[in-house]
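Working notes, structure below.
The values are calculated or read from the model by the stated rules, or taken from the named source; none is laboratory data. Predicted model, so just to flag it, every value in this text is computed and none were measured. Neighbour counts run over all protein chains shown; Cβ positions are idealised from the backbone, glycine included. Surface accessibility is based on the protein's heavy atoms, side chains included, excluding ligands, DNA and RNA. Shrake-Rupley method; radii C 1.70, N 1.55, O 1.52, S 1.80 Å.
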Amino acid sequence: EEKASRNKGKAPHLRPPALVDIRLVSAKTGYGMEGLVSRLQRSWKCAGDVYLLGATNSGKSTLFNTLLRSDYCKSRAPDIIDRATVSPWPGTTLNLLKFPIINPTCDRIFRRQERLKEEAAKTEDQLSIEEKKYLNQLKKQGYLVGRVGRTFQQQKSSTEIDFDPDMLSYSMDEDPRDPPKKHEEREEFTHNEVKDARWCFDTPGIVKEDCVLNLLTEKEVKLVLPSHAIVPRTFILKPGMVLFLAALGRIDYLEGEKPAWFSVLASNLLPVHVTTLSNADTIYEKHTAQEFLKVPMGGEERMKEFPPLVPQDITLKGIGTTEAVADIKLSSAGWVAVTAHAEEELLLRAYTPKGTALVVREPPLLPYISTIRGARIPGTPAYRTKKPPSFVENLRTTGSR
Ligand SMILES: Nc1nc2c(ncn2[C@@H]2O[C@H](COP(=O)(O)OP(=O)(O)O)[C@@H](O)[C@H]2O)c(=O)[nH]1
Ligand SMILES: [Mg+2]
């Protein structure tokens, strides 16, 4: 609405183009990717080049790499283009990487649909040993898993006769007279392959000023950015208790009647420590930059250059013991979903390093997250963790699972 009123007076060519679609995907596990490729191909007629834009570490290069090995990219390109550098360190994508986008001709779309149908009819047991192994690896990385494949394979060597009708039919973007090169030769695009090509670009991305990752070393960033599926960790806190997420975030439960649940969604490698208000400051001073709180690392020397934690008071009103009322987002270190008894008023004080963003997200992203927990560990405020099962899209499920 705000956008609409801002754009009202503007000339049509100054208005940002309308949002045409939103997709939930994981470039890392392939979830939703085939759907995204089909959607992008439907826009072929109206689109020119494609740019992947977003904040650093939002996953542009990972998305670029997944698109590179999908039907979105011309079949010769993955062999030629070095895969985009996926790096946890912001700004490492230095040169603009690009690949040529395949022209989705009717014939190609038909063959792609046939392949997708075949894939969806398979069960997990019917996959090859390698595919199964790969799928299990993906399940460790995320809860939503998908499989990304290619319909159009490049002829690999002159002995393998892999009949490709696109090589013989007349097409606008490829010259059928241009024979595929032998594998040993250094591959390069021919003039015909690139002269009318549309390109998909990876970009270095936008640096967010108030992001905690800017304050961290490469080694620290690797611990903070989750490499595996996050296992939610829930704790029950009484008023007067404090929760630390490494030394990057702190939440004090200052006032309230009843205990409340705090579910941490952050890299599994970041320690969570629960203590009391009276011990919190000493713990922070003594253990920050030590093994105990893990990040930042490097002892007193490191802490000299690290900004202090600054507080912000937050009041929340609970909506019941199964549904979180809000997320407290501790910059990019993670977030904590707070679940409290209905009508219960809480006063919290949350901290992030000076200059980094603390955001209260209401409503929360995953309202029922506190219900995914194991049994309470006796004598502690912690519950055993419970890893939710993964879901694989586009595979027929067997009765046994
Ligand atoms: N779970 C998950 N992690 C991702 C996804 N995409 C990227 N990542 C991770 O996020 C980090 C940054 O990704 P990268 O592609 O380098 O981001 P870029 O800076 O936007 O190019 C890496 O550690 C990736 O493994 C995704 O779809 N799911
Ligand atoms: Mg990148």
For this session: Using R₀ = 56 Å, calculate the FRET efficiency as 1/(1 + (r/R₀)^6) where r is the Cβ-Cβ separation of W44 and S278; round to 0.05.
Result: 0.30
Problem set entry | Debye log10 I(q)/I(0) at q = 0.13, 0.20, 0.22 Å⁻¹ for segment 273-384, Cα point scatterers | -0.62, -1.26, -1.35
For this session: Could you look at segment 254-401 and say what percent of its accessible area is carbon and sulfur, using a 1.4 Å probe and all protein chains?
Result: 53
Problem set entry | Per residue, in Å², the accessible surface of segment 213-367 once ligands and nucleic acids are set aside, probe 1.4 Å | 43
Exercise. At L365 and S58, where each label point lies 7 Å from the Cα along Cα→Cβ, what is the point-to-point distance in nanometres?
Worked result: 1.4
For this session: Excluding E257 itself, calculate the net charge of residues whose Cβ lies under 14 Å from the Cβ of E257, where each Lys or Arg counts +1 and each Asp or Glu counts -1.
Result: -1
Exercise. Based on the alpha carbon coordinates of segment 358-401, what radius of gyration and maximum Cα-Cα distance (Dmax) apply, in Å?
Worked result: 16.2, 46
Seminar exercise, completed: Residues whose built amide H sits under 5 Å from the amide H of R198, excluding neighbours closer than 5 in sequence, are I101
Problem set entry | Extended-chain gain in nm, criterion 0.36 nm per residue less alpha-carbon gap, Q126 and V207 | 24.7 nm
Problem set entry | FRET efficiency, 1/(1 + (r/R0)^6) with R0 30 Å, evaluated for F292 and L347 via beta carbons | 0.65
Seminar exercise, completed: At R0 = 60 Å the Cβ-Cβ FRET efficiency linking R198 and E300, nearest 0.05, sits at 0.65
